[in-house]
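Down below is the structure, laid out as structure tokens.
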Amino acid sequence: MKLIKKVLFAALVLLVSAGTVFAGGGSQGQSGKTLIGVVMPTRSEERWIKDGNAVKEGLEKLGYTVDLQYSDDDIPTQVRQIDDMITKGVKALVIASIDGSALSNQLANAAAAKIPVISYDRLLMQSPNVDYYVSFDNYKVGGQMGDILITGLNLNQATAAKPVIIELFAGSPDDNNSVGFYQGAMDKLKPYFDNGVLTVPSGQIERTVIGTLRWDAAEAQKRMENLLSAYYSGDVVLDGILSPYDPISLSCLEACKAVGYGSTPGKPLPVVGGQDCIVASCKSILAGEQYATVLKDTRSLGAATVTLVDTLMQGKTPTGLDTSSYNNGAKIVPSLLLDSVIVTKDNLKAAVLDTGYHTAAELGL
Ligand code: GAL
């Protein structure tokens with residue numbers, strides 16, 4: 001219920017003031033309606049399918065025609081899709097990038113054609129031609145990843161006499177969100193590193209060292225396997241993992257299981273969080289394996305984006321945006337930042353099932 005109120009609030013915040021900014025309205029799709037281009041990074045991750053559907057369905061309900069494309073995590077494909085959309089005469093572009101810095105030419109072309117660009121979930125970097133950013137508060141999301149470990153590992157009860165052992169994973173280095181996730185988590189965990197309660201046997205702590213290109217779960221699994229064989233011989237037992245993304249969490253758990261975690265006395269599965277609240281992680285949480293995840297409701301993000309596009313297409317200026325937090329290297333991008341929710345076994349039913357984010361059937365219940 002709280003989540004739904006937030007969606008409505010986000011939509012209301014976008015209530016408008018007068019003033020025409022973009023051309024809006026005039027451009028027509030095949031059916032004679034205003035055409036909006038929506039580009040998502042990949043179809044192979046559950047969340048982006050939900051995102052794409054939420055934006056498309058929301059816009060169509062308001063009478064827009066939507067060209068929705070998925071880029072197969074391939075930058076040239078994404079470049080081509082955006083070029084095509086500009087040629088087709090879309091009236092607004094909603095872009096979730098693969099590499100946030102790789103689209104500057106396309107963004108310049110969009111600006112020249114007076115097409116407003118909305119950076120969706122991932123910030124488009126190093127370009128002045130980004131008009132709005134709609135996302136979650138990524139630093140806060142990272143803080144929640146830190147909180148998951150603080151609670152799950154009982155760090156407030158632990159002492160430096162028996163340090164808690166963890167390893168760290170970060171997101172894709174070309175995705176600006178990875179910075180917020182890492183910084184938010186590390187700021188929460190810093191006091192426990194400083195007082196010796198937390199230790200990382202591999203010594204791999206810097207974001208550049210622990211990143212996972214394209215959020216690739218197989219790559220993360222390989223890194224976890226290597227860490228386990230290099231630093232966890234003898235009686236060193238891994239207690240927890242900082243993970244920024246559910247598929248990475250699940251792969252790390254697989255790597256741990258393969259060397260006896262969860263099936264050997266004295267070697268329980270490590271505490272691991274995650275992000276995106278995917279079906280497989282919800283099942284794992286219910287089965288007592290993955291400890292928690294962060295739910296970023298794609299329905300809220302989709303609804304906020306639809307309201308923003310509609311506001312612009314009416315020739316109005318959105319208000320109530322954050323105009324200080326997100327500098328993309330070329331400008332501060334006005335942002336709408338939604339709230340996320342930590343999900344554990346205790347609140348999964350209320351946060352995920354009762355809100356309809358996943359159905360009982362999807363979760364195998
Ligand atoms: C990030 C996004 C995360 C996750 C990840 C992998 O940009 O904020 O929620 O989906 O990409 O796709």
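The values are calculated or read from the model by the stated rules, or taken from the named source; none is laboratory data. Predicted model only: the values in this text are computed from it and were never measured. All Cβ positions, even for glycine, are placed from backbone atoms using ideal geometry, and neighbour counts span all protein chains on display. Quick note on the areas: whole protein, heavy atoms, side chains included, nothing else; ligands and nucleic acids left out. Shrake-Rupley method; radii C 1.70, N 1.55, O 1.52, S 1.80 Å.
Listed here are the residues, each with its yes/no results for (1) outside any loop (DSSP other than H, G, I, E, B); (2) away from the ligand (no atom under 14 Å from the Cβ); (3) under 20 Å from G100 (Cβ atoms).
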| residue | (1), (2), (3) |
| --- | --- |
| C256 | yes, yes, no |
| D276 | no, no, yes |
| K283 | yes, yes, no |
| Q290 | no, yes, no |
| V294 | yes, no, no |
| A304 | yes, yes, yes |
| L308 | yes, yes, yes |
| G315 | no, yes, no |
| S324 | no, yes, yes |
Margin query: Filter the stretch 304-333 down to the residues that are in contact with a Gly (Cβ under 6 Å, 6 or more places away or on another chain) and surrounded by fewer than 21 Cβ atoms within 10 Å (Cβ to Cβ) and list them by number.
Written below: G315, T317
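Step by step: first the residues of the stretch 108-146, then only those that are in a helix (DSSP H, G or I) and farther than 15 Å from Y182 by Cβ, then the one that is farthest from the ligand (Cβ to nearest atom). Which residue is that? Step through it out loud before you land on a result.
Filtering the stretch 108-146 down to residues in a helix (DSSP H, G or I) leaves 108-112, 138-146.
With farther than 15 Å from Y182 by Cβ added as a condition, the list becomes 108-112.
Numbers: A108: 23, N109: 24, A110: 21, A111: 24, A112: 28 Å.
The residue in question is A112.
Determine whether the stretch 192-200 contains at least one residue that is open to solvent by less than 20 Å² (accessible area, probe 1.4 Å), touching a Gly at 6+ places or on another chain (Cβ under 9 Å) and more than 16 Å from the ligand (Cβ to nearest atom). Full working, then the answer.
Residues of the stretch 192-200 that are open to solvent by less than 20 Å² (accessible area, probe 1.4 Å), as a first pass: 197-198, 200.
Now drop any that are not touching a Gly at 6+ places or on another chain (Cβ under 9 Å), which leaves 198.
Retained after the next criterion (residues that are more than 16 Å from the ligand (Cβ to nearest atom)): 198.
Scanning the stretch 192-200, I find at least one residue that is open to solvent by less than 20 Å² (accessible area, probe 1.4 Å), touching a Gly at 6+ places or on another chain (Cβ under 9 Å) and more than 16 Å from the ligand (Cβ to nearest atom), so the answer is yes.
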Notebook entry, point to check: Residues in the stretch 193-211: is at least one part of a loop (DSSP other than H, G, I, E, B), under 22 Å from M125 (Cβ atoms) and of a type in the set (S, T, N, Q)?
Noted result: no
Note to self: Pairs needed: first member in the stretch 111-132, in the same structural domain as V306 (by TED's automatic domain parsing) and at positive phi; second member anywhere, open to solvent by 10 Å² or more (accessible area, probe 1.4 Å) and polar (S, T, N, Q); C-beta distance under 8 Å; at least 6 residues apart or different chains.
What the structure shows: Q126/S101; Q126/S104
Notebook entry, point to check: Out of the stretch 86-97, which residues are surrounded by fewer than 24 Cβ atoms within 10 Å (Cβ to Cβ) and either within 18 Å of K56 (Cβ to Cβ) or not polar (S, T, N, Q) (or both)?
Noted result: I86, K88, G89
Next item on the list: Quick one: count up the residues across the stretch 128-161 that are surrounded by fewer than 18 Cβ atoms within 10 Å (Cβ to Cβ) and within 30 Å of K114 (Cα to Cα).
Entry: 1
Next item on the list: Answer yes or no as to whether A96 is within 16 Å of the ligand (Cβ to nearest atom), assigned by TED's automatic domain parsing to the domain that holds L321, more than 18 Å from T317 (Cα to Cα) and out of contact with any strand residue (DSSP E or B) (no Cβ under 9 Å at 6 or more places or on another chain).
Entry: no
Note to self: What's the total number of residues in the stretch 147-182 that are part of a helix (DSSP H, G or I), of a type in the set (S, T, Y) and either closer than 15 Å to R207 by Cα or within 12 Å of the ligand (Cβ to nearest atom) (or both)?
What the structure shows: 2
